[in-house]
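Heads up: the structure comes next, in structure tokens.
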Amino acid sequence: MALSAITTHCPSLVRLPANAPSTSLPPTSVSFRLSSISLSRRKPVSIRSTSISAVPKTEGLAPAISLTDSALKHFNKMRSERGEDLCLRIGVKQGGCSGMSYTMDFESKANARPDDSIIEYNGLIMVCDPKSLLFLYGMQLDYSDALIGGGFSFKNPNATQTCGCGKSFAAEM
């Protein structure tokens, strides 16, 4: 609630409307009216407070890591070839031409650690450790089956520099 302090020294200053129509205010709001006599003012002062939810709705928010349709299709094909219900672990490690390289592998959902972020994207479950997610947040994975330059490509907004192969990057945190 936006108004959290009420004086108790002079209870006549604060009155809750006893007969206020229920349609005039939202069900989570309170209206206070201060008497003009007790404040020595010509006009009464009215204070209205409304309670709002502090947690934003998650509808319409972009996932932490997204996939193009071709990447999703290829991951689902790879997963079905293994014959198990696996999740995709995605992360980063030190190394590569630019300092950090991407890691991806399928693993059992039971291997997920308590501090891992679990991201579901159109039926594919991705697991990412918190340190890697700092570098991967907002990234989009794409897949191409072209003979030259084919495979997975990473569009990472956190990368300040990328290698020519596209599999490693540098980032400043």
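Per residue, what accessible area does the range 110-168 have, given a 1.4 Å probe and all protein chains present, in Å²?
On the way: 3530 Å² over 59 residues.
Accessible surface, normalised per residue, equals 60 Å².
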Subject >> Separation of the N76 and L124 label points, Cα + 7 Å toward Cβ, nm >> reply: 1.0
**OP:** Find how much the distance from Q140 to A170 grows on full extension, using 0.36 nm per residue of separation minus their present alpha carbon separation; answer in nm with one decimal.
**Re:** 9.2 nm
Subject >> Computed E for D85/A64 - FRET, C-beta separation, R0 22 angstrom, nearest 0.05 >> reply: 0.50
Original post:
Each label point is 7 Å from the Cα along the Cα-to-Cβ direction; what then is the distance between the points at L147 and A110, in nm?
Top reply: 4.5
Original post:
For the range 118-169, treating each Cα as an identical point scatterer without solvent, what Debye log10 I(q)/I(0) comes out at q = 0.15 1/Å?
Top reply: -0.50
**OP:** Treating the Cα atoms of the range 69-113 as identical point scatterers in vacuum, please give the log10 of the normalised Debye intensity I(q)/I(0) at q = 0.24, 0.32 Å⁻¹, two decimals.
**Re:** -0.88, -1.08
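The values are calculated or read from the model by the stated rules, or taken from the named source; none is laboratory data. What you see is a predicted model, and the numbers here were worked out from it, not measured in a lab. No Cβ is skipped: glycine too gets one built from the backbone with ideal geometry, and neighbour counts run over all protein chains shown. In case anyone asks, the SASA skips ligands and DNA or RNA and just uses the protein heavy atoms, side chains included. Shrake-Rupley method; radii C 1.70, N 1.55, O 1.52, S 1.80 Å.
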